[in-house]
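We did not get these values from a lab; they are worked out from the coordinates using the rules stated. The model shown is predicted, which means the values in this text are computed figures rather than measured ones. Cβ placement follows ideal geometry from the backbone for every residue including glycine, while neighbour counts extend to all protein chains displayed.
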Amino acid sequence: MTATATSPALHRPDGSALRVLVVDDEQMLTDLLSMALRMEGWEVRTAASGLQALQSARDFAPDAMVLDIMMPDLDGMAVLQRLRQSGNDVPVLFLTAKDSVSDRVAGLTAGGDDYVTKPFSLEEVVARLRGLMRRAGTALADDSEPILRVGDLSLNEDSHEVERSGAEIELTATEFELLRFLMRNQRRVVSKAQILDRVWNYDFGGRSSVVELYISYLRKKIDQGREPLIHTVRGVGYMIKAPQ
């Protein structure tokens, strides 16, 4: 996933690259997150402990921080508390393996800005960070229009309005998320597993038939009676693209 193929590229007000600090003691996870964030064109630094995170926050001056709650020395809550006490108001996205309401509330009331629960999709983390930095005013977009377009099909990410050739199309929430994922990755083949991970956010235990079902719903609403935009790549997945 790249910024140019999904959403408008974000940068600092002065035009320089946004900086994100990723804090987690699982190196495989920090490597994956770093790769996804660098594909957005952002500068990334990682830390494997709470104390390293505090030092990096001082040295790196990030525009956002991805912070695991469970850390080997200082936990994420303690790191956040020290940041806020020092006057650092960097937007913080918590990573947590805990899914209880009390943990979520504790993180947000401690001064965190958002959270995602493990396991999560990389695209979800990128989307949350984009939202955090834009709301904080630290990130500007090359094109602030929240509209995705494929041929004569348009999708407004803010108003959730979908139109084709000027005709409004009513979608359910799940159909909208599926269409948005396809449009953010236009001219790319996405697998059923990727769709399940992004749209439903959990494993259906191999029940890929739910993807086929919702693709058929979308086709009836988007493509029926028109030149098709949604294509099946047999044995691989699905792709949306404008007619040549």
Fill in the blank from the handout: A correct fewest-to-most ranking of M65, M133, M28 by other Cβ atoms within 10 Å would be M28, M133, M65
Problem - Computed magnitude of the charge dipole of the range 147-240 (debye, nearest 20; Cβ of K, R +1, Cβ of D, E -1) - result: 460 debye
Fill in the blank from the handout: Of the residues P228, M39, T174, the Cα lying farthest along the dipole of the chain towards its positive end, which is defined by charges on the beta carbon of Lys, Arg, Asp and Glu, belongs to P228
Exercise for the section: State the three equivalent ellipsoid semi-axes of the chain, derived from the C-alpha gyration tensor as the square roots of 5 times its eigenvalues, in descending order and whole Å. Expected result: 36, 20, 15
Practice task
For R219 and N88, compute 0.36 nm times the residue count separating them, minus their Cα-Cα distance, and round to one decimal in nm.
Solution key: 42.3 nm
Completion exercise
Looking only at aspartates and glutamates whose Cα falls under 18 Å of K118's and that sit 8 or more positions away or on another chain, we get D24, D25, E26, D31, D68, D75, D99, D103, D197, D203
Exercise for the section: Can you give me the P(r) profile for the range 1-81? Cα pairs, bins 5 angstrom wide beginning at 0, each as a whole percent. Expected result: 3, 16, 25, 22, 16, 11, 6, 1
Practice task
For an R0 of 51 angstrom, estimate the FRET efficiency from the Cβ-Cβ distance between V236 and Q81 and round to the nearest 0.05.
Solution key: 0.60
Practice task
Specify the inter-centroid distance of the range 160-195 and the range 60-75, based on alpha-carbon positions, in whole Å.
Solution key: 34 Å
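Expressed as a whole percent, how much of the Cα-Cα distance distribution for the range 147-240 exceeds 23 Å?
Across the range 147-240, Cα pairs with separations above 23 Å total 17 percent.
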Completion exercise
Toy charge model, Lys and Arg Cβ at +1, Asp and Glu Cβ at -1: the chain dipole around Cα centroid in debye, rounded to 20, equals 520 debye
Fill in the blank from the handout: For the range 162-244 the trypsin sites (Lys or Arg not before Pro) that pass both the DSSP coil test and the at-most-13 other-Cβ-within-10 Å test are R187, R207, R234
Handout entry: Pairwise label distance in nanometres, M28 with L51, each label 7 Å out on the Cα-Cβ vector
Key = 2.7 nm
Problem - For the chain, with +1 on Lys and Arg beta carbons and -1 on Asp and Glu, the positive-most of L93, M133, A242 along the dipole - result: A242
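Which whole-number percentage describes the relative contact order of the chain, with Cα contacts under 8 Å and a sequence gap of 6 or more?
Values: 389 pairs, mean separation 38.7, N = 244.
Reported as a whole number, the value is 16 percent.
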Practice task
Would you please state which residues of the range 158-176 a label at E227 would reach in this model, taking the label point 7 Å out along Cα→Cβ and a backbone N cut-off of under 19 Å?
Solution key: 163-167
